[in-house]
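The values are calculated or read from the model by the stated rules, or taken from the named source; none is laboratory data. Please read these numbers as outputs of a predicted model, since none were measured by experiment. Please note: Cβ atoms are built from the backbone with ideal geometry, for glycine as well, and neighbour counts cover all protein chains shown. Only protein heavy atoms, including side chains, enter the accessible area calculation; ligands, DNA and RNA are left aside. Shrake-Rupley method; radii C 1.70, N 1.55, O 1.52, S 1.80 Å.
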Amino acid sequence: MDNFFTEGDRVWLREDEQYLPSTVSSCSGGVVAFATDYGQVYTYKQNALSRQKVQPMHHSSIRGVEDMSALEDLHDGAIMHNLFLRYQQRHIYVSSIHFAS
């Protein structure tokens, strides 16, 4: 896998069948460390990573959206993360279906 990581990048790290919102905390010497939003730290050799293991996080998932259909990362981790962000912002109501008028 090419080196597409930069410290501070937001990514989805797939662990145990879950997508974990994470930040690249370090990337040097062929080793990449990820810190999840849940306090876990995972370290991998860069050549052992694949696009299935680590995916860049879309901007809509980083800041959160009111309408869930606007999420570009559409998987269970992104949905739960969006709900968490909305809760932190005290915007607990979200739309999940968009009706055309």
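Can you give me the % of accessible surface on the stretch 1-61 that is carbon or sulfur? Probe 1.4 Å, all protein chains present, nothing else counted.
Heavy-atom surface of the stretch 1-61 belonging to carbon and sulfur, 1.4 Å probe: 45 percent.
Among CYS27, PHE84, HIS59, flag the residue with its Cα farthest along the positive direction of the charge dipole of the chain, charges on Cβ as +1 for Lys/Arg and -1 for Asp/Glu.
The listed residue farthest towards the positive side: CYS27.
Using only Cα positions of the chain, each an equal point scatterer, no hydration layer, compute I(q)/I(0) via Debye at q = 0.19 Å⁻¹ and quote the log10 values to two decimals.
Debye intensities relative to I(0), on a log10 scale: -0.90.
If the chain between VAL41 and THR6 were fully stretched, how many nm would it gain, using 0.36 nm times the residue separation less the Cα-Cα distance?
Between VAL41 and THR6, full extension yields an extra 11.0 nm.
With a cap of 14 neighbouring Cβ atoms within 10 Å, and only residues DSSP puts in a loop, list the chymotrypsin sites (Phe, Trp or Tyr not before Pro) found in the stretch 26-56.
For chymotrypsin sites (Phe, Trp or Tyr not before Pro) across the stretch 26-56 that sit outside H, G, I, E and B with at most 14 neighbouring Cβ atoms in 10 Å, the list reads TYR38.
For the chain, what is the charge dipole size about the Cα centre, in debye to the nearest 20, if Lys and Arg each add +1 at the Cβ and Asp and Glu each add -1 at the Cβ?
Charge dipole, the chain, about its Cα centre: 120 debye, nearest 20.
Hey, what's the chain come to in accessible area per residue, 1.4 Å probe, Å²?
Each residue of the chain exposes 65 Å² on average to a 1.4 Å probe.
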